[in-house]
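This report refers to the structure that appears directly beneath it.
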Amino acid sequence: MKDGDGVLALHREGNLLRVELNRPERRNAMSLSMVEALLRVFAEVEADPSLRILLISGRGGHFCAGGDVADMAGAAAEASDGTDPIAALNRRFGDLLQAVEGSRAAVIALCEGAVMGGGFGLACVADLTVALASARFRLPETSLGITPAQIAPFVVRRLGLSQARRLGVTGQVVDGREAVNIGLAHILAEDRAAADAMIRHSINDIRRCEPAALAATKRLMNRAAQADLAPTLDAAAAEFAGFARSEAAAQGFAAFLGRQPPPWAREDA
Amino acid sequence: MKDGDGVLALHREGNLLRVELNRPERRNAMSLSMVEALLRVFAEVEADPSLRILLISGRGGHFCAGGDVADMAGAAAEASDGTDPIAALNRRFGDLLQAVEGSRAAVIALCEGAVMGGGFGLACVADLTVALASARFRLPETSLGITPAQIAPFVVRRLGLSQARRLGVTGQVVDGREAVNIGLAHILAEDRAAADAMIRHSINDIRRCEPAALAATKRLMNRAAQADLAPTLDAAAAEFAGFARSEAAAQGFAAFLGRQPPPWAREDA
Amino acid sequence: MKDGDGVLALHREGNLLRVELNRPERRNAMSLSMVEALLRVFAEVEADPSLRILLISGRGGHFCAGGDVADMAGAAAEASDGTDPIAALNRRFGDLLQAVEGSRAAVIALCEGAVMGGGFGLACVADLTVALASARFRLPETSLGITPAQIAPFVVRRLGLSQARRLGVTGQVVDGREAVNIGLAHILAEDRAAADAMIRHSINDIRRCEPAALAATKRLMNRAAQADLAPTLDAAAAEFAGFARSEAAAQGFAAFLGRQPPPWAREDA
């Protein structure tokens, strides 16, 4: 299996595949190249029934700090043939979330450090999400002048409308303990060693489950939970592109990069 | 902005509007006049983008003890042209819950004392619900011989079917701590001073969010959560009117006003 | 009311009916005969408005350890006229879950000991579920090479997709405390005496509720939560039959009965 130009570190052990997000210098920000590499991994998993369990984690103490702002700037520049390159980029991340959620294999996410934006979305689609107490989950999109467009439907399915809207509207940070309380994560670990032990234990639990029955159970449950997801994601991508091109988002990104408050963060704004 | 004949106390601070329910002698029971006043507030908010945050609370130590029984008696008397005045009254409260949930602005609810019936419904549609530990949340409708008709869909979306049905079926009281545990409220405060501090902090969080992105995020998430809400609410209003006119409800209201147990509250009833 | 050939023990007290699952030597495994007996009880409840509350528990320290493997083997043998006898058997359990969820009466479940498979499903449809701290909730299906087919939609509605999928995919055990935390149960009891006291208290709460209003509230909330349930259950029954006939399930049942690990529970399987 290819490692996607080094943005992923892959390591196979029997029927388990370890997938590490490998851009530690960017807190594993989800670049388009990383999205494509993950999509290739999930495509290969579907083609290889001997892969039964995926463990996704991040190198360098963070899971994933969100989308890569540089990609969005790049996509905006290359506008083309009538299709919107930012919407296409955004929708591609929705493809990844659908691929994870719909995967035949069991997917475990180990959440530590920053779990934000796209990383938050990934945490919401794993079958088993383990959170370190010190992890920091956040939807920072609205504070940047954009929306958690592809992520929103998965967050609503994971947390329910109430917590989803609260976190989307306030941009508040949730630690590992609260993540478990609100159903974002399933298992709380005090530190990385405890998390690793719990994951080993869970891998043994999953190995006791018959692979085709496991895949059918996921399908059954996903079907029970969902109205048509794909049209929702299509509409969300178009909306995202509009926001990402807006003056507000330009100000939000500039403020973020300059470590300044954006213009709307004033009492009378 | 008008204050709705004194049933609301309104106070603006920059992009924040404080809305106090102001019938403390009735524990802020939700009269039709109060519903209409709140609907006018939300209409003005939609028309004025400079209003970004609403804080709803109740005067006198209670949030809102429910619907106003007097209004229902009044509406029953004025039956008219084929439309059912009680259904119309009930549906109007559904309009309010939809207006709060769909508001462009971020809505915070400060829940203390009695949070019952319509008050419980309001707590379920706020973007951020802060609960005092001592607050008492309850759906008392079935014990009065009526149903939480307009409220039910919003309660189910907030709590899920399981807790919604349990609270509707048993009429049990939930305190602030349990309200946070079951997802009714987001933040627990030990007393009013702590709640005020948490709300100030949350207002700052919300001000960091770009207003149009915030509104779009709410829309996205509401859309992801809902089948068609309006037909559900229409049907519920008709059903409510039937119950409110029933002999059982007449007995329930009389028992409530007379502080007596209703006839059905016997082991063999 | 008949007791279904002794598989149920029924005891009426005023408007309360106590229903005990009565196969303690099999940890109250849900045989087809028990399913039919419970369906008769719920049919009689619908016909007799003086029955307002049902309390379901299990004799001998366990609630219900799941479906009865012997029945499935029996049904597989009698294949017939084009209809699939295993699918019919499975779908019948879905009928029961629908009957419990849709019952006019308030249904309380007292969960102790093993609450697995079909027992887990029953716990998910009661209006009020009381869990002993020592209870063990589990979906063991995938570890047997089958799927929680009829149960899955009710588990998703109870727990949300996230916890439902985690428990379906890992087969992990949840104790009473975690069952309350994830919304599977509503009330935690440290021991049986505490559970009995809480149930007496809750029965009094329910008696204060007007019966027709209670039934209408359940209908309203069920309707608000559900897309069309029946087609989902039909499809799930067909899928279940396929799995139950599979070589994997035969191995799973044999491993279960022989207390051996199944062939897929190896690192490289």
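How big is the B-C contact in terms of buried accessible area, both chains counted, 1.4 Å probe, rounded to the nearest 100 Å²? The buried area between B and C, both sides summed, comes to about 2900 Å².
Plainly put, the tip 7 Å out from Cα toward Cβ on C:Glu13 is 5.4, 5.4 nm from that tip on each other copy, the closest given first.
Of all the accessible heavy-atom surface of chain A, with the other protein chains kept in place and a 1.4 Å probe, what percent is carbon and sulfur?
Reported share for carbon and sulfur atoms: 52 percent.
When the other protein chains are added to the chain by itself, burial of at least 20 square angstrom of heavy-atom accessible area (probe 1.4 Å, ligands and nucleic acids ignored) affects these residues of segment B:118-142: B:Asp127, B:Leu128, B:Arg138, B:Thr142. Think of a 1.4 Å ball rolled over the protein heavy atoms: chain A then has 36 Å² of accessible area per residue.
Evaluating 6.51 cos²θ - 1.76 cosθ + 1.60 at θ = phi - 60° for every residue in segment B:245-254, the Karplus couplings come out as 8, 6, 4, 4, 5, 4, 5, x, 5, 4 Hz, glycine and proline recorded as x.
Between copies, the label points at B:Gly61 (set 7 angstrom from Cα along Cα-to-Cβ) are spaced 5.0, 5.0 nm, reported in nanometres from shortest to longest. Inter-copy label distances at A:Leu257, shortest first and taken from points set 7 Å along Cα to Cβ: 6.8, 6.9 nm.
Taken along its three principal axes, the alpha carbon spread of segment B:120-227 comes to 45, 37, 19 Å, from the longest extent down to the shortest. Divide the volume of the convex hull around the Cα atoms of the protein assembly as shown by the residue count and you get 171 Å³ per residue. Our coupling estimate for segment C:182-199, obtained by passing each phi through the Karplus curve with A = 6.51, B = -1.76, C = 1.60 and θ = phi - 60°, is 8, x, 5, 10, 9, 9, 9, 10, 6, 8, 5, 5, 5, 4, 4, 5, 5, 5 Hz, Gly and Pro reported as x.
With θ taken as phi - 60° and the Karplus curve 6.51 cos²θ - 1.76 cosθ + 1.60 applied, the whole-hertz 3J(HN,Hα) list for segment A:160-166 is x, 4, 5, 5, 4, 5, 4 Hz, x standing for glycine and proline. Projecting the Cα atoms of A:His62, A:Ala152, A:Ala133 onto the dipole axis of segment A:50-157, where Lys and Arg carry +1 and Asp and Glu carry -1 at the beta carbon, places A:Ala133 farthest toward the positive end. On the basis of the beta-carbon distance and an R0 of 56 Å, A:Ser246 and C:Asp175 show a calculated FRET efficiency of 0.70.
If only the Cβ of Lys and Arg carry +1 and only the Cβ of Asp and Glu carry -1, the dipole of chain B around its Cα centre is close to 640 debye.
Relative to the Cα centre, the charge distribution of segment C:1-146, modelled as +1 at Lys and Arg Cβ and -1 at Asp and Glu Cβ, gives a dipole magnitude of about 460 debye. Taking the Cα centre of each part, how many Å lie between segment A:99-114 and segment B:169-185? Between the Cα centre of segment A:99-114 and that of segment B:169-185, the gap is 31 Å.
Taking all Cα-Cα distances within segment C:1-157, those exceeding 26 Å account for 21%.
Inside 10 Å of the C-beta atoms of A:169-181, what's the mean count of C-beta atoms belonging to other chains?
Partner-chain Cβ atoms within 10 Å, mean over residues of A:169-181: 4.
The rule of thumb for compact globular proteins, 2.2 N^0.38 Å, goes into the C-alpha radius of gyration of segment B:1-64 1.06 times. Taking Cα atoms only, the orientation of helix C:85-101 departs from the longest principal axis of chain C by about 20 degrees. Of the whole protein surface, B:Asp95 contributes about 50 Å² of accessible area at a 1.4 Å probe radius. Which angle between 0 and 90 degrees, to the nearest 10, do you get for helix A:32-47 versus the longest principal axis of chain A when only C-alpha atoms count? The helix A:32-47 is inclined about 30 degrees to chain A. Averaging the sequence gap over all C-alpha pairs within less than 8 Å and six or more residues apart, then dividing by the number of residues, gives chain A a relative contact order of 17 percent.
The Cβ shell under 9 Å around A:Gly60 holds other residues with a net charge of +2, Lys and Arg each +1, Asp and Glu each -1. Using a Gaussian network model of chain A with C-alpha springs under 10 Å, which one of A:Asp48, A:Asp205, A:Asp84 is most mobile by mean-square fluctuation? It is A:Asp205. Taken along its three principal axes, the alpha carbon spread of chain C comes to 57, 43, 37 Å, from the longest extent down to the shortest.
Of the residues C:Glu25, B:Glu46, ranked by 1.4 Å probe accessible area with the largest first, the sequence reads C:Glu25, B:Glu46.
For segment C:3-59, the dipole from Cβ point charges (+1 on Lys and Arg, -1 on Asp and Glu) about the Cα centre works out to 260 debye, to the nearest 20. Gaussian network model of chain C, Cα springs within a sub-10 Å range: biggest mean-square fluctuation belongs to which of C:Ala135, C:Ala43, C:Ala65? Looking only at C:Ala135, C:Ala43, C:Ala65, the biggest GNM fluctuation is shown by C:Ala43. Computed from Cα atoms, the angle from the helix A:229-244 axis to the main principal axis of chain A rounds to 40 degrees.
Counts of other chain beta carbons within 10 angstrom of each beta carbon in peptide A:149-159 average 4. Close amide-amide hydrogen proximity is noted between A:Ala189 and A:Ala131, A:Leu132, A:Ala133, each under 5 Å apart and 5 or more residues distant or on a separate chain (H modeled in the peptide plane; Pro and chain starts excluded).
The values are calculated or read from the model by the stated rules, or taken from the named source; none is laboratory data. Everything numeric here is computed off the predicted structure, so don't read it as measured data. All Cβ positions, even for glycine, are placed from backbone atoms using ideal geometry, and neighbour counts span all protein chains on display. SASA here: full protein model, heavy atoms, side chains in, ligands and nucleic acids out. Shrake-Rupley method; radii C 1.70, N 1.55, O 1.52, S 1.80 Å.
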